[in-house]
Amino acid sequence: MKTRRSRLRPVVGAVAVAAAAGLILSGCTTSGSSNEGGTGGKTVTVAQVNEVTSFNYNTPQGNLDMNGMLNYMTQPTFYTLDQNYRVVHNTDLGTYKKLSDNPLKVEYTLNSDAKWSDGTAMTADDLLLGWDQLSCYHDSSTTDDQGNVTKGTQYFSTASGCVFSTGLPTVSSDNKSMTITYDQPYVDWEIMSPIQLPAHVVAAEIGSTTKDLSKAILDTPKGDKDNPAPANPVLEKAAKFVNTGFDTTSLPKDKKLYVSGGPLMVTAWTPKQSMTLVPNPEYKGKHAVSFGKLVVRFIADANAQVTALQNGEVDAIQPQASADTVKALKAASGIKLEQGSQVAYDHLDLNFKSPTFTDPTVREAFLLTVPRQDILNSIVTPINPDAKVLDSQIFLPGQDGYDESVKANGSSAYDKVDIDKAKTLLAGKTPTVKILYNSQNPNRVDSFQAIQASAAKAGIKVVDGGSPQWSSLLAGGDYDASLFGWANPGAGNAQLPQLFQIGNGSNYNNFNDQQASDLAVKSQVTLDTSALQDIKMQLDKISFEQAYGLPLFQLPGLFANTSKVTGIGYFGGQNGIFWNVWDWKK
């Protein structure tokens, strides 16, 4: 499934670890080094639903849950989240501290011995590249209502979009520290980690040097939409490479493309089957792993994951939760089961670029046919009898503001299917709606079929747009509606512009309400918690007023493992079962 993380990831939020957290989409052997690393050379094998599609998950097309999990294990970050979603500074990499509140000024310092897996020292060059990727400082682009560039230059394309504004950073004389001064307060400054990709690799891939890449970043003027300067050729090449150069469906022959800065590094990938990671020999600190190898098996089917666990083929699984899966795991001997709610949800989004949905009455009519309660009863209630239909695009049940927002956001208009009202709104029209979804995800198939059958009663023809490659098709817009999930990291507010900002790379359904866009941008500089909560409630209400789509249900989650592995605990955020991989023991 697609998940949004903090950056939402398609499954929800909106984040790359290199930036502030956001939403994530939740959905022949090539091998490299044989380094086993670790203690005793023991192998831990874990099953995951989705396969890796990119070594850079902070792009609209790379913002997939498994890409985010891989990034978490293999790339550096200045912070992690604990089991309660509290920010924990990661001193394995370095330190960061707020120097002042007005203006907001933050200093990042890398440890003197911090290195990439190829032995290259981490420097402020890496921090500069990460900052530029996330800040959009050099962008001078003007975009139309659909997000297309009509003038100027857009350099980096990120999943979270441009959510903060700063001046040009200053770099220390030893090239180990970087200080950022924000133009405005930034609500998520503590989860803005300006490092992800190695600058020396990006420079080499474009035929340049690290020194020249950093010079291009520091010398290129701040973007000016009113008077855009010509694109800097070095920076433009670097951005184009970062935007797409790490996307792949197999282990690249160029080993530089998977250089690691985290506790683990990739050494092998058998497409459609598995990926192998081993400890990064250059990684130092408390997050270093204690086993010799991690094998991630790509098994989409939950029943197949359970069978693999029971047969000893894998040590742990994170399947899509279902009643049958839970029942089978509870009946199995020697299996530890962890259950909980995910900071993620399934939803149906309408494509605002679709000619079918330019008429708001057609949008409303279609949404009135969506059998949300039936979908919940089929997918979630068998696992959690207390589950309710999700009635907010912003809040999840149990979060502060959920109940208050639901009372005011207008979601009650869609409490029940109303075929008669839908027909009245359509006034004889018989629209066709093509829905994009993951055809290999049983829950999404069930949801699609329920919507298709119900909509037909109102004269709406729902066309099957399901595809195994659904995540790569989201940004293309060749559909009328999409059915997927967002996974939130559990911290931060970067998901708001991801969902509602006009032109944002993660605004897949091209929602173009100017008031919502302005509010989403304003949320990123709103430090007052009461005012921020008010913005969220306004956005929630606008989403229902404009028939953005419908939230369906909060995703239930489960992990299961055999007694051969200890240290696994439940976590409902984007990083899934791998959230504390360094605590595992085999």
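The values are calculated or read from the model by the stated rules, or taken from the named source; none is laboratory data. Computed from a prediction, not measured in an experiment: that's the story for all the values here. Cβ sites come from the backbone with ideal geometry, for glycine too, and all protein chains shown count toward neighbours. Surface areas here come from the heavy atoms of the whole protein model, side chains and all, with no ligands, DNA or RNA. Shrake-Rupley method; radii C 1.70, N 1.55, O 1.52, S 1.80 Å.
Quick notes on this structure:
- Test result for Q320, polar (S, T, N, Q), within 28 Å of S506 (Cβ to Cβ), in a loop (DSSP other than H, G, I, E, B) and open to solvent by 10 Å² or more (accessible area, probe 1.4 Å): yes
- Looking only at residues of the range 235-275 that are polar (S, T, N, Q) and more than 22 Å from the chain's Cα centre (by Cα), we find that the one that is most open to solvent (accessible area, probe 1.4 Å) is Q273.
- In the range 193-214, the residue that is surrounded by the most Cβ atoms within 10 Å (Cβ to Cβ) out of those that are of a type in the set (S, T, Y) and in contact with a helix residue (DSSP H, G or I) (Cβ under 7 Å, 6 or more places away or on another chain) is S214.
- Residue within the range 165-173 that is within 24 Å of the chain's Cα centre (by Cα), outside any strand (DSSP E or B) and not aliphatic (A, V, I, L, M) present: yes
- Considered as a group, the residues in the range 152-161 that are touching a strand residue (DSSP E or B) at 6+ places or on another chain (Cβ under 7 Å) and within 25 Å of S54 (Cβ to Cβ) include one that is modelled with the highest pLDDT, and that residue is A159.
- Given (1) open to solvent by 50 Å² or more (accessible area, probe 1.4 Å); (2) under 19 Å from L110 (Cβ atoms); (3) assigned to a loop (DSSP other than H, G, I, E, B), index of the condition E190 fails: (3)
- Candidates K416, K421 - the one that is in a loop (DSSP other than H, G, I, E, B) and among the basic types (K, R): K416
- Test: residue in the range 224-233 that is under 27 Å from the mean Cα position of the chain (by Cα) and either surrounded by fewer than 18 Cβ atoms within 10 Å (Cβ to Cβ) or under 21 Å from G167 (Cβ atoms) (or both): no
- Any chance K353 is in a loop (DSSP other than H, G, I, E, B), within 30 Å of N148 (Cβ to Cβ) and among the basic types (K, R): yes
- Contacts under 6 angstrom Cβ, first residue in the range 478-491 being more than 26 Å from F357 (Cβ to Cβ), partner part of a loop (DSSP other than H, G, I, E, B) and modelled with pLDDT of 80 or more, 6 or more apart: P489/G573; P489/Q574; G490/Y85; G490/G573; A491/Y85
- Against the numbered list (1) part of a helix (DSSP H, G or I); (2) closer than 16 Å to K336 by Cβ; (3) of a type in the set (G, A, S), G569 comes up short only at (1).
- Test: residue in the range 288-299 that is out of contact with any strand residue (DSSP E or B) (no Cβ under 9 Å at 6 or more places or on another chain), in a loop (DSSP other than H, G, I, E, B) and open to solvent by 30 Å² or more (accessible area, probe 1.4 Å): no
- Every residue from the range 553-569 that is open to solvent by less than 30 Å² (accessible area, probe 1.4 Å) and out of contact with any Lys or Arg (no Cβ under 6 Å at 6 or more places or on another chain): F553, L555, P556, G557, L558, F559, A560, T562, I568, G569
- Of L337, L367, all but one fail to be under 28 Å from the mean Cα position of the chain (by Cα) and open to solvent by less than 10 Å² (accessible area, probe 1.4 Å); the exception is L367.
- Count - residues of the range 534-584 that are among the aromatic types (F, W, Y) and within 30 Å of A413 (Cβ to Cβ): 3
- Tally of residues being open to solvent by less than 60 Å² (accessible area, probe 1.4 Å) and over 23 Å from the mean Cα position of the chain (by Cα) across the range 306-317: 6
- The residue list N409, N351, N384 contains one member that is at pLDDT below 95 and either in contact with a strand residue (DSSP E or B) (Cβ under 9 Å, 6 or more places away or on another chain) or open to solvent by less than 10 Å² (accessible area, probe 1.4 Å) (or both), which is N384.
- Considering the range 433-476, and only residues there that are within 15 Å of D346 (Cα to Cα) and β-branched (V, I, T), the residue that is surrounded by the most Cβ atoms within 10 Å (Cβ to Cβ) turns out to be I451.
- Residue that is surrounded by the most Cβ atoms within 10 Å (Cβ to Cβ), among those in the range 128-151 that are farther than 20 Å from I180 by Cα and modelled with pLDDT of 90 or more: S140
- Any hit, the range 498-511, residues being in contact with a Ser or Thr (Cβ under 8 Å, 6 or more places away or on another chain) and on the phi > 0 side of the Ramachandran plot: yes
- Considering each residue of the range 522-545 in turn, none proves to be surrounded by 19 or more Cβ atoms within 10 Å (Cβ to Cβ), modelled with pLDDT of 95 or more, part of a loop (DSSP other than H, G, I, E, B) and over 20 Å from the mean Cα position of the chain (by Cα).
- Number of residues in the range 456-477 that are in a loop (DSSP other than H, G, I, E, B), over 26 Å from P556 (Cα atoms) and modelled with pLDDT of 95 or more equals 4.
- Pairs with Cβ under 9 Å, 6+ apart, first in the range 113-124 and acidic (D, E), second part of a loop (DSSP other than H, G, I, E, B): D113/E282; D113/K284; D118/P198; D118/V259; D118/S260; D118/E282
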